[in-house]
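Notes follow the structure.
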Amino acid sequence: MRETKNKHRVVIIGGGFGGLYAARAMGKNRDLEITLIDKRNFHLFQPLLYQVATGGLSPGDIASPLRAVLNRFKNIDVVMGEVKDIDAERGVVITADQEFAYDSLIVAAGARHHYFGNEQWEALAPGIKTIEDALEMRQRIFQAFESAEKTDDPKEREALMTFLVVGGGPTGVELAGAMGELASYTLKNDFQAIKTNDAKILLVEAGPQLLNGYPEKLALKATKSLQKLGVEIRTNTPVLDIQQDHVLIKTSDGETYIPTKTVLWGAGVKPSALATVLHDRFGVNLDRAGRVMIEPGLNIANHPNVFVIGDMANFSHQDDKPLPGVAQVAMQQGVYLAKLLKKRLRGNASLKPFRYTDKGNMAVIGRNAAVADIGGYGFSGWPAWLIWVFIHIAYLIGFDNKVLVLFQWASNYFTRKRGARLITGTHFAEIPQIVRR
C-alpha cells in the first residue's frame, strides 16, 4: 500500500455500479487516497447476465477487470478480498488477512438472492446475480434439452422440457423472453428426437401483473410479446414449494403440481450480509427487507463519514418510498459522494441532499420486442428495443466489451444463433428421473 501522507483515506467496499462509479469520480481528486475492496477482481455488468445464462453472450463479454478499469488513477488501490468485519471505534475495515483504515467509508456490497424464508430452494432454483449463477443456469437449461433428447418416456420428456421462471420483474421477463427465443428459433434444428418449440415455458408472478412499477399499458404489451414467443404467463400465482422434480403453485382453483426439472429464480433480492455487520457495529436501523436505512446525504445515522449506497440502502427521502434497486440509482449515488467529499475537503459540507433523477425503466423481451418507460413516455416494440440496445452498449464498462457485445448482438440478430451454448462442469451431467404422480 502507498503512503497516505495526510491525504483523506476512503475505503470503498464493492466494485459494482455504485462502488465503481464512486471510485472513478473520486479518482480525479488527488486529495483522496482510495482503496476499493471486492471479493472478485472484476466489475460485472449484471443487467446482461441473463444473456450469459441463455447462451447469447460469454462471461468475459460483460466483465471488466477492476485494475484495468481504474489503472489510470494513481491514487486508487484495488484489493481482491472479502470484508469480514468493520471496527467502528478504530475506523478499520477487516478482511481475512488485512486491515484498512478509513476516514470515510462507502459500503456498496450489493445484493443476493432472496427466497423469502425458503433458503432450501436455492439449490433447486438458481438466481442470477453472479457469473457462476449464470453459468449454472445455462448448464441446467441446455442439459435439460440434452436429457430430453435421450429419453423415450413421453412424460419424462415433457417434464424435462418444462421450464419455470419465478418472478415477473425485469429479470424474470427477460429470462422468459430469452428462453422463448431459444426454444422457438435458436435450437429449432439442433435436435432429432425432440422439437424444441414444444418446450413449455411458464412465467409465474405472485402479483397481479408483470413488471410491477411500469405503466399498465407497457406491462400488457410485454405480456403479449412474451405470449408470441410461446411463454405461458400466470399472475396472482405464488410458489408454494419447489422440489427436485416439481413445483407447487397456488392458483384460483387451489394448488397445482407442475412436473419440471428446471426452475429459474428471478423473484427477489436481499442486501449483502454486510448490512447486518453495519447494524451490529454502528447500530444502524434495517428495514423489513434487511436494507440499511440511510440519511439524505447517503450516510448512516450519527456517522457522517460512513455511507451506504446501491442495493444495500433504503433511501426513502424522495417521494416517501425507497428508491428502486437498479444500476442507475447506484451510479448516481457514487457520483454524488465524490462531489460531497470534494466539498468537505474544501471546508464546505453544504451539499444539497441526494436526489435521484429517474432516467427511465426498460425490459427487453426478444428480437425487436422491448418496453421502455422514459420521462413519462412509453415505448414498445422495435423503437424500445433499439433504445435498450444502445443504452446498454453505452453503459458497458470498457471499449472492448462494447465492441464484443455489439458484434455478438449483430450476429445473433441476423442468424438467431447464440454462440455460447456450452455445457460446462459435471455436477449436473445427468438429470435425475422425474417422479411421476
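Computed from the coordinates by the stated procedures, all read-outs in this text should not be read as laboratory data. This one's a predicted model, so the numbers in the text were calculated from it and none came from an experiment. Glycine also receives a Cβ, built like all others from the backbone with ideal geometry; neighbour counts cover every protein chain displayed.
Against the chain, whose longest principal axis comes from its Cα atoms, helix 131-150 is set at around 10 degrees. Exceedance of the 27 Å cut-off in Cα-Cα distance is limited, within the set 155/188; 270/321; 155/224; 84/352; 84/129; 359/417, to 155/224; 84/352; 359/417.
With the charge dipole of the stretch 135-224 set up from +1 on Lys and Arg Cβ and -1 on Asp and Glu Cβ about the Cα centre, the Cα lying farthest toward the positive end among the listed residues 144, 206, 222 is that of 222.
A viscosity of 0.692 mPa s and a temperature of 37 °C, combined with the Kirkwood radius over Cα pairs in Stokes-Einstein, give a translational diffusion coefficient for the chain of 143 µm²/s.
Taking the centroid of alpha carbons for each part, the stretch 292-317 and the stretch 65-122 are 16 Å apart. Within the straight-line cut-off of under 18 Å between alpha carbons, the lysines reachable from residue 7 are 28, 74, 339, 342, 343, sequence neighbours fewer than 8 places apart in one chain being disregarded. Note on the stretch 292-437: along the principal axes its Cα atoms extend 62, 41, 34 Å, ordered by decreasing extent. Beta bridges per DSSP, both residues in the chain: antiparallel share near 50 percent. Its relative contact order, with pairs defined as Cα atoms under 8 Å and 6+ residues apart, puts the stretch 188-248 at 37 percent.
Residue-normalised convex hull volume from the C-alpha trace of the stretch 173-318: 171 Å³ per residue. When the Cα positions of 56, 34, 19 are compared along the charge dipole of the stretch 15-91, 56 comes out farthest toward the positive end, with charges on each C-beta of Lys, Arg, Asp and Glu.
How many percent of the alpha carbon pairs in the stretch 234-334 exceed a separation of 16 Å? Don't skip to the answer; put the middle values down first.
Details: 3269 of 5050 pairs.
Cα-Cα pairs of the stretch 234-334 separated by over 16 Å account for 65 percent.
The reciprocal of the average 1/r between distinct C-alpha atoms defines the Kirkwood hydrodynamic radius, which for the stretch 41-183 equals 18.4 Å. Neighbours of residue 284 by Cβ distance under 12 Å: Lys/Arg scored +1, Asp/Glu scored -1, total -1. Considering only alpha-carbon pairs that sit under 8 angstrom and 6 or more positions apart, the relative contact order computed for the chain is 20 percent.
By the rule of a C-alpha distance below 13 Å, with chain neighbours fewer than 8 residues away ignored, the aspartates and glutamates paired with residue 195 are 146, 149, 158. Take every pair of alpha-carbon atoms less than 8 Å apart whose residues are at least six positions apart; their mean separation over the length of the stretch 323-383 yields a relative contact order of 20 percent. Note on the chain: GNM, Cα springs under 10 Å; of 245, 311, 280, the largest mean-square fluctuation is that of 280. Estimated purely from DSSP H runs of n ≥ 4, each contributing -39500 (n - 2.57), the mean residue ellipticity at 222 nm for the chain is -9500 deg cm²/dmol once divided by its residues.
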